[in-house]
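**Student:** Got a structure for you, questions after.
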Amino acid sequence: MKRITVLLAEDHMIVREGFRRMLELETDMEVVGEAKDGRQAVALVKKLRPAVVLMDIAMPLLNGLEATRQILKAVPGAKILILSAHNDDAYVKNATESGAMGFLLKQTSSHEVCRAIREIHNGKTFFSPSVSLRLNRLNPQPAGRAGRLNKKAAYLTSREIEVLQLIAEGEANKQIASELGIGIKTVEKHREHLMQKLDIHDTAGLTRYAIGAGIIESSVQLTIV
């Protein structure tokens, strides 16, 4: 029997280990790789071509939503299942718009995770019950705060979203330039474009926007007021 190959993308090692042990108990599944950040997840999917990617949203360097977009651009047939501790409207809506085939809360049972992986592998979608309720409510009227944020975010390039995440995580221009392999002046230009496009003119505002748009989780930045 051919096993379903799975890539785990999660920044906490203890959580990755838990998922690996859980999936290793399933006779039809095999974990073929692990990524500790979104950028590594993109690279590993290109290399390993797993059947399903189990993708956390809140990861350093590149969040799971932007990683999903980049993966699907590079590997259009990739099947991605999003994991999150939150089911806020912005997270749910952005996850589906990024191209993910499912959304699970981290409180989900191991049985449901395995079921979701199998469903997605077979080309179906799978959402936690509370997430499905939110989708049913959001889809008919994609307005409200999440809708506005997504409309703005649609005008941001992948690089701008990467820079925005690093700004929101508290990194200075020099650090961002080093992380992304670009010049400081290029980072400054991206920061300027972000402020113009979003009509936000300070770092605290950019951070609040990133949290509201689901680019980072609120727990990442505790000092923003």
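The values are calculated or read from the model by the stated rules, or taken from the named source; none is laboratory data. Note that the structure is predicted; figures quoted are calculated from it, not measured. Positions of Cβ are backbone-derived with ideal geometry, glycine not excepted, and every protein chain shown enters the neighbour counts. Just the protein is used for accessible areas: all its heavy atoms, side chains included, with ligands, DNA and RNA removed. Shrake-Rupley method; radii C 1.70, N 1.55, O 1.52, S 1.80 Å.
**Student:** If amide hydrogens are placed 1.01 Å from N in the peptide plane, which non-local residues have theirs closer than 5 Å to the one on R49?
**Tutor:** Those lying under 5 Å, H to H, from R49: there are none.
**Student:** Under 5 Å between amide hydrogens, which residues at least 5 positions from L62 or on another chain qualify, with H placed 1.01 Å from N in the peptide plane?
**Tutor:** Under 5 Å from the amide H of L62: G38, R39.
**Student:** Would you kindly state the longest site-free stretch of the chain, with sites defined as trypsin sites (Lys or Arg not before Pro) in a DSSP loop (not H, G, I, E, B) surrounded by at most 12 other Cβ atoms within 10 Å?
**Tutor:** Segment 3-123 is the longest.
**Student:** I need the phi-derived Karplus couplings for the range 8-19: 6.51 cos²θ - 1.76 cosθ + 1.60, θ = phi - 60°, integer Hz, Gly and Pro marked x.
**Tutor:** Once rounded to whole Hz, the list reads 9, 10, 7, 7, 9, 4, 5, 6, 4, 4, x, 5.
**Student:** Any idea what diffusion coefficient the range 1-77 gets from Stokes-Einstein, in µm²/s, Kirkwood Rh on alpha carbon pairs, 37 °C, 0.692 mPa s?
**Tutor:** Working: Rh = 12.3 Å.
Answer from the Stokes-Einstein relation: 266 µm²/s.
**Student:** A further question on this structure: Gain in length, H193 to E97, computed as 0.36 nm per residue apart minus the alpha-carbon separation, to one decimal in nm? Numbers along the way, then the final one.
**Tutor:** Numbers: separation 96, 0.36 × 96 = 34.56 nm, distance 2.29 nm.
Fully extending the segment from H193 to E97 adds 32.3 nm.
**Student:** May I pose another question? Give me the tail of P(r) for the range 39-126 as a percent: Cα-Cα pairs with distance above 17 Å. Don't jump to the answer; show the numbers that get you there.
**Tutor:** Values: 1626 of 3828 pairs.
It works out to 42 percent of all Cα pairs.
**Student:** When only the heavy atoms of the protein chains count and the probe is 1.4 Å, how do M13, M59 rank by accessible area, highest first?
**Tutor:** Working: M13 115, M59 5 Å².
The ranking, largest first, comes out as M13, M59.
**Student:** R21 to A85: extension gain in nm, 0.36 nm per residue of separation minus the Cα-Cα distance?
**Tutor:** Numbers: separation 64, 0.36 × 64 = 23.04 nm, distance 2.00 nm.
21.0 nm is the gain from fully extending R21 to A85.
**Student:** Right, something else. Quick check: pseudo-label points 7 Å beyond the Cα along Cα→Cβ at Q175 and M1, how many nm apart are they?
**Tutor:** Computed distance between label sites Q175 and M1 equals 4.7 nm.
**Student:** Right, something else. What number comes out for accessible area per residue over the chain if the probe is 1.4 Å? Units Å², please.
**Tutor:** Values: 11020 Å² over 225 residues.
Accessible area per residue: 49 Å².
**Student:** Continuing with the same structure: Run the numbers for R159 and A43: contour at 0.36 nm per residue of separation, minus the present Cα-Cα distance, in nm. Spell out each step's value before the answer.
**Tutor:** On the way: separation 116, 0.36 × 116 = 41.76 nm, distance 1.60 nm.
Going from the current span to full extension adds 40.2 nm.
**Student:** Of the accessible area of the range 1-117, with the probe set at 1.4 angstrom, what percent is carbon plus sulfur? Write down the numbers at each step before the final one.
**Tutor:** Numbers: 2620 of 4980 Å².
The value for the range 1-117 is 53 percent carbon and sulfur by accessible area.
**Student:** So if I place +1 on the C-beta of Lys and Arg and -1 on the C-beta of Asp and Glu, and nothing else carries charge, what would the dipole magnitude of the chain be about its Cα centre? I want it in debye, nearest 20. Mind dumping the intermediate values first?
**Tutor:** Values: 31 positive and 26 negative charges, 135 e Å.
Magnitude of the dipole: close to 640 debye.
**Student:** Given N residues in the range 47-86, what is Rg(Cα) / (2.2 N^0.38 Å)?
**Tutor:** On the way: Rg = 10.0 Å, N = 40, 2.2 N^0.38 = 8.9 Å.
In units of the globular-protein estimate, the range 47-86 measures up at 1.12.
**Student:** Here's another thing I want to ask about it. Where Rh denotes the Kirkwood radius from the mean inverse Cα pair distance, what is Rg over Rh for the chain? Show your work: numbers first, answer last.
**Tutor:** Working: Rg = 17.3 Å, Rh = 17.9 Å.
Across the chain, the Cα-based Rg/Rh ratio is 0.97.
**Student:** While we're on this one: What are the ³J(HN,Hα) couplings of the range 28-40, residue after residue, when phi is run through the Karplus curve with 6.51, -1.76, 1.60 and θ = phi - 60°? Round to Hz, x for glycine and proline.
**Tutor:** Karplus-based 3J(HN,Hα) across the range 28-40 equals 9, 10, 9, 7, 9, x, 9, 10, 9, 8, x, 5, 5 Hz.
**Student:** Return the sequence-ordered ³J(HN,Hα) values of the range 168-177 in whole Hz as given by the Karplus equation 6.51 cos²θ - 1.76 cosθ + 1.60 applied to θ = phi - 60°, using x for Gly and Pro.
**Tutor:** So the J values, rounded to whole Hz, are 5, 7, x, 7, 7, 3, 5, 5, 4, 4.
**Student:** By a straight-distance test (C-alpha under 17 Å), which aspartates and glutamates pair with K197 as possible cross-link partners, with residues fewer than eight away in the same chain excluded?
**Tutor:** E160, E162, E188
**Student:** Can you spot the lysines whose alpha carbon is less than 24 Å from K46's alpha carbon? Ignore those fewer than 8 places along the same chain.
**Tutor:** The qualifying lysines are K2, K36, K73, K79, K124.
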